[in-house]
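Visitor: Please read through the structure below; I'll follow up with questions.
The values are calculated or read from the model by the stated rules, or taken from the named source; none is laboratory data. What you see is a predicted model, and the numbers here were worked out from it, not measured in a lab. When we count neighbours, we look across all protein chains shown, and the Cβ atoms used for this are built from the backbone with ideal geometry, even at glycine. Protein only, heavy atoms only, side chains kept; ligands, DNA and RNA dropped before computing areas. Shrake-Rupley method; radii C 1.70, N 1.55, O 1.52, S 1.80 Å.
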Amino acid sequence: MRTWLSVLFAALIPLGLLASNFHGQARSPALANSQPGLRGTGDLGVIIERASGSVQIIETTGQSSLARIKGLGDLSHASVVFSRDQRFAYVFGRDGGLSKIDLLQQTLAKRIIQAGNSIGGAISDDGKLIAVSNYKPGGVKIFNADTLVLIATIEATYGDQGELSKTVGLVDAPGGRFLFTLYEAGEIWMVDCADCAQGAKPRLTKFKNIGLQPYDALISGDGRYYIAGLFGEDGMALIDLWAQKPAVTRILDGYGRGQKKLPVYKMPHLEGWAKADNHYFLPAVGHHEVLVVDAKTFKQSGSIKVHGQPIFVMARPDGRQIWINFAHPRNDTLQVIDVKTKQIIKQFTPGKAILHMEFTPRGEQVWVSVRDENRIDVYDTRTLKKITSLPANAPSGIFFTWRAGRIGL
Amino acid sequence: MTFLRPSITANGSAILVPALAFVVVVFTFNLVMAFVPLSAQRKNELTNLVRQDCGSCHGMTMQGGLGKPLLPENLIESTPEELAEIILAGVPGTPMPPWRGLLARGDALWIAAQLKTGRIKRGNTQ
């Protein structure tokens, strides 16, 4: 009797398992629907809507808008960095606001006002620190990336009176460092903050007399060169961070000399300096030109005449194409340069006030903000045709999550 | 336009007369335009220009950036005429460019008046 029962039991167990399996299978689609947040973030991005103080969270696989996060303050000239897990976007507002957005939950996770007037920020190589570059009060503040609790304040003092300089061109550098540039002082400061998260004080190295009115700076994609653009004179200031004793050298001295400079209605951006085919392609200040510079010697090897004064000169991730937008009043046009032939292969006029471009991680799409048309245009970079458009409220910067894994972005 | 036709009889004045006439016409046009009220559409364009393009340096709400703040309290010492001249001529040695060529004197005067009252900041310029 007992044997029969155990046989029956043994026969029933697999049946039961089978039944529960069926049950599980029947339930799983419903489960997936009840957890819409279960997705990756590698195809997500953030679009700044500067007039309304909001951002849109978008995805580039289906080219759609997922959410709008409001209440982020004055977002003119706002920029974004991403946490190393690509889940959080840190938005730096003009009014000193620092907002942390959860891309998965589509919520404003944290927000602080950390200064009166600021220009951008950076995230440390280990993802533990957020640094913000401030105009007022002039300097840099460093925060815990998780909690946004203040860790250190670096006042950008210069001169005999202890004045504070506006800071620009803040980037992260390998080895737990940040670099930034002092606009009025004409200096570059390097901050070693590798142990700041453990309570250590930031260690400063100052580079003086770099040139007049440095207005922006960038770090090369390998983290080796920090380069500040000078508004007050032709040329740029370069620091080789691999040098035994890093020092400032001048590059591109006197480019454009002998040519009459045009009025500059908008400062060019240096972030995202295009490196392609062993050359840098960069915007000339006050000229309708893209400069071509040898990436080894930093000597100018040529220039390409373009439609207007370039603002962003951006390389597709494979380096084959360069996309360019322009300063007011020629800011309704985009041009595409073929890097191999250095010829302009395409010109678009999508509409008034093209402010920014961002490539998808492998560059098959480029997203373009057309501010005065309240529109984002998405182009296929192979066919050079528009794929789709998305409505956006006076869009400016576009930032995709792949930036999380790049030095200096 | 017959008065612009070169006169064959007045020797030497074949070029001078039309040139002078042109100068007078342009001068009068500019003088008149400086006092002609701007259209609502032009005011909208200028408001957008100030908030968005000037805003790149001065902040979209004019509280300053790489450029100086342009709030009413920052502009007490300057007349609208002086401000218009700065807008048109720029400030040499700084990134402030001359906007002459893109903006007429009437445009600049209107922008100056809006800045001094703070209406640009509030976005209520009509």
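Visitor: Which parts of the range A:365-393 would a label at A:Lys352 reach, counting a residue when its backbone N lies under 12 Å from a point 7 Å out along Cα-to-Cβ?
Guide: The answer is A:371-374.
Visitor: Only sites in a loop by DSSP and with at most 13 other Cβ atoms within 10 Å count here; which trypsin sites (Lys or Arg not before Pro) in the range A:270-341 make the cut?
Guide: In loop regions of the range A:270-341 (DSSP not H, G, I, E or B), the sparsely surrounded trypsin sites (Lys or Arg not before Pro) are A:Lys296, A:Lys299, A:Lys340.
Visitor: Rounded to a whole number, what % of the accessible area of the range A:115-265 do carbon and sulfur atoms account for, probe 1.4 Å?
Guide: Heavy-atom surface of the range A:115-265 belonging to carbon and sulfur, 1.4 Å probe: 47 percent.
Visitor: Ok, one more. Probe radius 1.4 Å, ligands and nucleic acids left out: can you give me the accessible area buried at the B-A interface, summed over both chains, in Å² to the nearest hundred? Write down the numbers at each step before the final one.
Guide: Numbers: alone 8540 and 18800 Å², together 25370 Å².
Its buried surface, counting both partners, is about 2000 Å².
Visitor: Find how much the distance from A:Lys296 to A:Lys342 grows on full extension, using 0.36 nm per residue of separation minus their present alpha carbon separation; answer in nm with one decimal.
Guide: 14.7 nm
Visitor: Can you tell me the alpha carbon radius of gyration of the range A:249-370 divided by the globular rule-of-thumb value 2.2 N^0.38 Å?
Guide: On the way: Rg = 13.7 Å, N = 122, 2.2 N^0.38 = 13.7 Å.
This ratio for the range A:249-370 stands at 1.00.
Visitor: What distance in nm lies between label points placed 7 Å from Cα along the C-beta direction at B:Leu102 and A:Ser65?
Guide: 2.8 nm
Visitor: Treating each Cα of the range A:62-159 as an identical point scatterer and ignoring solvent, apply the Debye formula and state log10 I(q)/I(0) at q = 0.20, 0.24 Å⁻¹.
Guide: Values returned for q = 0.20, 0.24 Å⁻¹ are -0.95, -1.30.
Visitor: Leaving ligands, DNA and RNA out of it, report the carbon-plus-sulfur percent of the accessible area of the range B:39-122 at a 1.4 Å probe.
Guide: 57 percent
Visitor: Pairing the Cα long axis of helix A:2-34 with the longest principal axis of chain A, what angle in degrees results, from 0 to 90 and rounded to the nearest 10?
Guide: 30 degrees
Visitor: Gap in Å between the Cα centre of the range A:164-219 and the Cα centre of the range A:46-104?
Guide: 25 Å
Visitor: Shifting gears a bit: Nearest 500 deg cm²/dmol is fine: what mean residue ellipticity at 222 nm does chain A get from its DSSP H runs of n ≥ 4 alone, each adding -39,500 (n - 2.57), divided by its residue count? Spell out each step's value before the answer.
Guide: Details: 1 runs with 33 residues, N = 409.
Taking each H run of at least 4 residues, the total per residue is -3000 deg cm²/dmol.
Visitor: Oh, and also: Computed over the Cα atoms of chain A, what is the convex hull's projected area averaged over all directions, in nm²?
Guide: Projected over every direction and averaged, the Cα hull of chain A covers 26.5 nm².
Visitor: State the answer as a single residue: which of A:Ser369, A:Ala156, A:Phe143 lies farthest towards the positive end of the charge dipole of chain A, with beta carbon charges of +1 for Lys and Arg and -1 for Asp and Glu, about the Cα centre.
Guide: Most positive-ward Cα: A:Ser369.
Visitor: What per residue convex hull volume, in Å³, do the alpha-carbon atoms of the range B:39-122 yield?
Guide: Measuring per residue, one finds 85 Å³ for the Cα hull of the range B:39-122.
Visitor: Got a sec to turn the phi values of the range B:92-108 into Karplus ³J(HN,Hα) couplings, 6.51 cos²θ - 1.76 cosθ + 1.60 with θ = phi - 60°, whole Hz, x for Gly and Pro?
Guide: x, x, 10, x, 5, x, x, 8, 4, x, 9, 10, 7, 4, x, 4, 5
Visitor: Can you give me the Cα centroid spacing of the range A:283-320 and the range B:44-84 in angstrom?
Guide: If we compute the Cα centre of each part, the gap is 31 Å.
Visitor: Using +1 on the beta carbon of Lys and Arg, -1 on that of Asp and Glu, and nothing else charged, what's the dipole of chain A about the Cα centre, debye to 20?
Guide: Its charge dipole is roughly 560 debye.
Visitor: Once you've got the GNM for chain A with C-alpha springs shorter than 10 Å, pick whichever of A:Gly45, A:Gly138, A:Gly175 has the biggest mean-square fluctuation.
Guide: Of A:Gly45, A:Gly138, A:Gly175, the most mobile in the Gaussian network model is A:Gly175.
Visitor: Now for a separate question. For the charge dipole of the range B:39-122, defined by +1 on Lys and Arg C-beta atoms and -1 on Asp and Glu C-beta atoms about the Cα centroid, which residue among B:Leu88, B:Ser39, B:Pro69 has the Cα displaced farthest towards the positive pole?
Guide: B:Ser39
Visitor: Also, quick follow-up: Once you have a ≥ b ≥ c as the square roots of the Cα gyration tensor eigenvalues for the range A:115-265, tell me rounded if a/c is under 1.5, and otherwise prolate or oblate according to whether a/b is larger than b/c. Walk me through the numbers on the way to the answer.
Guide: Numbers: a/c = 1.98, a/b = 1.54, b/c = 1.29.
Verdict is prolate for the range A:115-265.
Visitor: Got the relative contact order for chain A handy, in percent, Cα pairs under 8 Å and 6 or more residues apart?
Guide: 11 percent
Visitor: Residue by residue, what Karplus-based ³J(HN,Hα) values in Hz, rounded to whole numbers, does the range A:369-382 have, using 6.51, -1.76 and 1.60 with θ = phi - 60° and x for Gly and Pro?
Guide: Rounded to whole hertz, the list is 8, 10, 4, 6, 9, 6, 8, 10, 9, 10, 10, 7, 7, 7.
Visitor: Right, something else. Greater than 25 Å separation of Cα atoms is the criterion. Which listed pairs, A:Lys166/A:Lys206; A:Lys136/B:Lys43; A:Lys275/A:Lys342; A:Lys201/A:Lys275; A:Lys385/B:Lys43; A:Lys245/A:Lys266, meet it?
Guide: Table pairs above 25 Å Cα-Cα are A:Lys136/B:Lys43; A:Lys201/A:Lys275; A:Lys385/B:Lys43; A:Lys245/A:Lys266.
Visitor: Among A:Thr360, A:Thr153, A:Thr61, which one shows the biggest mean-square fluctuation in a GNM of chain A, springs joining Cα atoms closer than 10 Å?
Guide: A:Thr61
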